[in-house]
Each structure stands twice: as structure tokens, then as C-alpha cells.
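The values are calculated or read from the model by the stated rules, or taken from the named source; none is laboratory data. On a predicted model such as this, the values are computed, not experimentally measured, just so you know. Neighbour counts run over all protein chains shown; Cβ positions are idealised from the backbone, glycine included.
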Amino acid sequence: MNMNAIKKLFLLLLLSFVPACVFAAQISVSFDRTPVSLNESFQIIFTADDALDNDPDFSPLEQDFDILGQRQSSNSSWINGQSSKTIQWTLNVMAKHSGSLIVPAVKFGDDVSQSATILVTQATANKSADTDDDLFLEVEANPESPYVQSQVLFTVRLYRRVEITQAALNEPELGDAVIEKLGDDSNYNTQIDGVNYLVTERKYAIFPQKSGSVTIKPLVLTAEVVANSRPNFNGFFNSQMTRTKKILSKPVTLDVKPVPATFTGHHWLSAEQLVLKEEWSGDNQQMKVGEPLTRTLTILAKGTTVGQLPEINVGKIDDQLKTYPDQPVLQEQKKPDGLIAFREEKIAVIPSKAGFYKLPAIEIPWFNSQSQKMEIAKIPETMITALDAAGALPIPNKQAAPVIVQAPKVEVAPIVESQQQQNIWLWVAVFFALGWLATLAYFLIKRPAKKTLTEKNKPETRLADCVKDLKKACADNNAAAAKDALLAWGRQKSGAASLGVIAEQSDARLRDEILILNQVLYGKETDQWQGKKLFQAFVENKAREKITATEDDKLERLYRL
């Protein structure tokens, strides 16, 4: 037997001892929504990242679930020379009883899926008074007593057991609030008093900007209901018989609480969860003079808007450390259970001298809307070590070598000569000082007179008109008009004469949007500019200036265009 045959035999023997699970496909389990109510249909999704050993056996699910239907789909991709494929099985099911139900592991031949748990609640039917049995709306707000600028999940459900066409449903309306639609609508089946309904569910995130009692107006659905009548055979083609129907939901009242007195931060921030972290592109203990290292600061918050996230890199650092911040990255993700806001700041740090440096701690106070308590997200002090070109550091606390001072010989002649020289330089200094004073007096006399009060204070557009012009320019996506309105507003408010000065006087988000506007104008791409974010950041900046730890009634509205 030659050497190659021996190697192949050894490899086969080695593979025979490898457990089969090493080569098993990974099969994950997810749901289209959770929790669900009893007698509501929902989807269980099995996803595999590789070819499976055999078809699935879903019979173990029948102990706790009725399987109403199933479908299979696959997706293939080719990235960087490597192919990947995912396979999905989607089951439309309905729970047989309430509780925390376990989706057991499902066998795909020798491959086995993961198990998962879903919460099934008791079925409830909270229909409003202005509904009938065929078609009605249900609305729900959670929580109904939020804190100011905290997230409220607003859910709209349309129940129907008739066929409808050309349906139109208006958006929720609430003054002094930011309203965001969350994702796509979901559809499922449910039962109410033994009657089957098809349900379309839509979710919104609402952030009230003022405390007190506020009411979300009733939603209005207008739809064409297909009539259940006998067909008309007078013509070869017959239009479908419909009747127009309009239904209303009930109004929802929120009791918005003010900023709690226990919150001591300068920037009010309410969220369900918040994470603050720091990353470096290299070893900050082995930095070299003149070479940059990137510090990345990120803040991730659930249950808030990206406009409410504060600027992170605000601490003062040593003058020997040069910093060059990039434009921050701002993102929002719309999940079924609310908004997730993300802010990332990258700062290039370059030491100009070898030594040890300390970056101050970063603290962001925030209010946990789940525990109803104030918390502080913190990045501790960060130490930096900078090496010189040779890779060496100055020795800390190194004592200087003693300096030996010899007493000079005292001679009378040199002392007299020194005093004479000092007198000469004194008169020279007096001469130049008198010349400087004469020149200053000349320019003061010849300086042109100041402009009169009338010339200096020409009447300008009121601040309210500037804001109105800015809102219209942003709504029309007119970058040039937005620039003019911002400049007029900046001149009136603080004497700012350029977009750059206005940006420096603004908070982080408005500053970023002004810089984007400036770039668009410079690049002459005004037709591609969208003004919605700029005006939203503008009014949020105005609102944030008036927020205090104990007076939330001064919070201004945050409009969405």
C-alpha cells in the first residue's frame, strides 16, 4: 500500500469518529409577532442555512397548535466567491390553549431544529360602540400614562368578515407629538364569540412632547364593501356590486406625566433600554506620535427617536492630543415593538508629544421608562500611552540632574556699564511707546463714524415668519430657500451671518443637517435634497433649549412634515 492510500484511509477513519452534529444544518425558529392571543392565527418560521437531510416532520406541533397551512421558500446568494443558500418553512398556526407554549424541536431527517417559546394570552374583544359584526376598528395605546417624550405603542386592528375594496384609513392625529409608523401591516385570523375574522394590524410609535391630558382622535376607515347579492346577467361583463361604508374607532386619551423631579441630568432622555460603548481601531496603549488612531463612540437606545440622542464626544482633552471628528452616523430602525435609535461618532486622535494622557469619563443620564428610574450610561476614564518615533517614553517623575552654580567674580566696572546700557534701552522703549500712542490717536480720529441706529437696525422679518419660511422651504425640498430662511433666523436670533456659525450654535443633530444642506448647496444637487429631517431637527433643537429638569411644560412640539 503506497503512502497516498495510507493517508486516505487515515482520513476516512478520522472522519468516522467525528460526531454527526458537527455537520448538521443550523435550523432557527422565529415568529411573525409575539405575544399572540388565543384564537388568533400566527406564523412559525423555520429557517435553515444549508441543505437538509430530509423533509420536516411537523407532527410534534399538533399537541399545542392547529396547523392551518404551510409553504416553503428558498433564497440563494453568491458573495465574494462563496455561495450560500437559505430554506424557509412558514407555518400558519393557531394555539389550542393559552399560556407559555413551547414549539418543540422538529426533525428534518437527521437534522433537528431549535425549540422556541411563545406567549399566548386569553382572547379578548374590546370593540368600540360604533361598530357592527361585519367590520369594525379596535385601537390600543400602551402605556396610557407615559412620561413626556416617552414612547407609546399605538396599535390599530381592523376586523372584518366581509370582502372590502378601495379601503382608506387615516393616520393617528395628536398635537404636540412625534408619530412614526412601525413596519408593514400584519394579517392574521382570529375568532370572536365563535365567529372567524380576518384581522389587519398596524402599529405606530407616538412620542408626546407636552405633559397633561391629550387625546388621539378617532381613526376613520372608508371602504367599499362587496355586496353578497346574486349576479346580474343583463350584460356579458358585470361590475362587482359594492356599497360604501365608513366606520370610526374610539378616541384614546393619554395622561402624559412631566419630567420627574428625581431626574438631575441636563438633557432629558427617556428610553426602554440604552447602551453606550467605546471602541478603538488599535492599541491605545501603544500609540505613536503623529500617527492617528480612531476612537468610535456609539449609543444605542430602544424606545426613543434619534433626534433625542445627545452628542457623545463633548469632553475637553489635553492640548497635546489633536482630534478630528467625522460627521456622526444617525440611524433609526422601526421594529414591531418600537423605535431603535443609533448614533455613532468616530474621532481620529493624534498625539503630538510622547507621554501619558487621560480622556475624561463620559456620562449620559437617562430615564428608564420600564423601571421608572433614572440611570447613567458611562464610559470610564480612558488612558492613552503615546510613544516617540523610537518607540520610547519619557520616564515619569524623573528627577532633573543637579545644576552646579558658580558664584561670579564681582567687578565694579561691569556693573556700572550694565546700568548705563539699561538706561539707554529704557529711553528707547519710552520713545517707541509714545510713537505707538500717537499712531493709535491718529486712527481713532480718522476712523469713519458709526452707522446711525436706523442704518444698523434695518427692520427684518420676525422670527416666527423665518420659521414659517423655513418650514415651507423644507416641505418643498427647496435647499436654496431653506438656506435663506435659516440665515434670516440666525441673524435675528444671535447675529449669525453664515450657516457654519448657526451650525456651531446648534445641537448635534441640527448641526449635522445644516452641514448636509451646505454640502448639497455646494454640490449643486438641490433637486436631491429632502428637507424633512432638517426641519424636524430644527424644531427639536428649539424644544431642547427649553427643556429643564423640573419644567417640562416648556417643551416645544416636534413636528413631522
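With the condition kept exactly as written, say whether any residue in region 453-461 is modelled with pLDDT under 85, farther than 30 Å from HIS266 by Cβ and surrounded by 11 or more Cβ atoms within 10 Å (Cβ to Cβ). Step through it out loud before you land on a result.
Quick first cut of region 453-461, residues modelled with pLDDT under 85 only: 453-461.
Subset that is farther than 30 Å from HIS266 by Cβ: 453-461.
From the residues that got through so far, the ones that are surrounded by 11 or more Cβ atoms within 10 Å (Cβ to Cβ) too are 460-461.
Checked region 453-461: at least one residue is modelled with pLDDT under 85, farther than 30 Å from HIS266 by Cβ and surrounded by 11 or more Cβ atoms within 10 Å (Cβ to Cβ).
Residues VAL148, VAL226: which one is among the β-branched types (Val, Ile, Thr), surrounded by 14 or more Cβ atoms within 10 Å (Cβ to Cβ) and within 27 Å of the chain's Cα centre (by Cα)?
On the way: VAL226 fails: within 27 Å of the chain's Cα centre (by Cα).
Exactly one of VAL148, VAL226 is among the β-branched types (Val, Ile, Thr), surrounded by 14 or more Cβ atoms within 10 Å (Cβ to Cβ) and within 27 Å of the chain's Cα centre (by Cα), namely VAL148.
Of everything in region 266-320, what is in contact with a Ser or Thr (Cβ under 6 Å, 6 or more places away or on another chain), part of a strand (DSSP E or B) and surrounded by fewer than 19 Cβ atoms within 10 Å (Cβ to Cβ)? Give them in sequence order.
Answer for region 266-320, where residues must be in contact with a Ser or Thr (Cβ under 6 Å, 6 or more places away or on another chain), part of a strand (DSSP E or B) and surrounded by fewer than 19 Cβ atoms within 10 Å (Cβ to Cβ): LYS277, GLU279, THR294.
For residues that are part of a loop (DSSP other than H, G, I, E, B) and touching a strand residue (DSSP E or B) at 6+ places or on another chain (Cβ under 7 Å), scanning just region 321-336, find the one that is modelled with the lowest pLDDT.
PRO336
As an exercise: evaluate LEU14 against (1) loosely packed, with under 10 Cβ neighbours inside 10 Å; (2) of a type in the set (A, V, I, L, M); (3) at pLDDT 55 or above and give the number of the one condition it does not meet.
Evaluating LEU14 over (1) loosely packed, with under 10 Cβ neighbours inside 10 Å; (2) of a type in the set (A, V, I, L, M); (3) at pLDDT 55 or above leaves (3) as the failure.
Give region 521-561 a look and list any residue that's at pLDDT 80 or above, more than 18 Å from the chain's Cα centre (by Cα) and either among the hydroxyl-bearing types (Ser, Thr, Tyr) or surrounded by 13 or more Cβ atoms within 10 Å (Cβ to Cβ) (or both), or say none.
TRP529, GLY531
Out of all the residues in region 135-157, which are of a type in the set (D, E, K, R) and in contact with an Asp or Glu (Cβ under 7 Å, 6 or more places away or on another chain)?
Within region 135-157, the first condition is being of a type in the set (D, E, K, R), and the residues that meet it are 138, 140, 144, 157.
Passing the criteria: GLU144, ARG157.
Quick one: how many residues across region 358-386 are more than 25 Å from ASP512 (Cβ to Cβ) and buried (at least 19 other Cβ atoms within 10 Å of the Cβ)?
3
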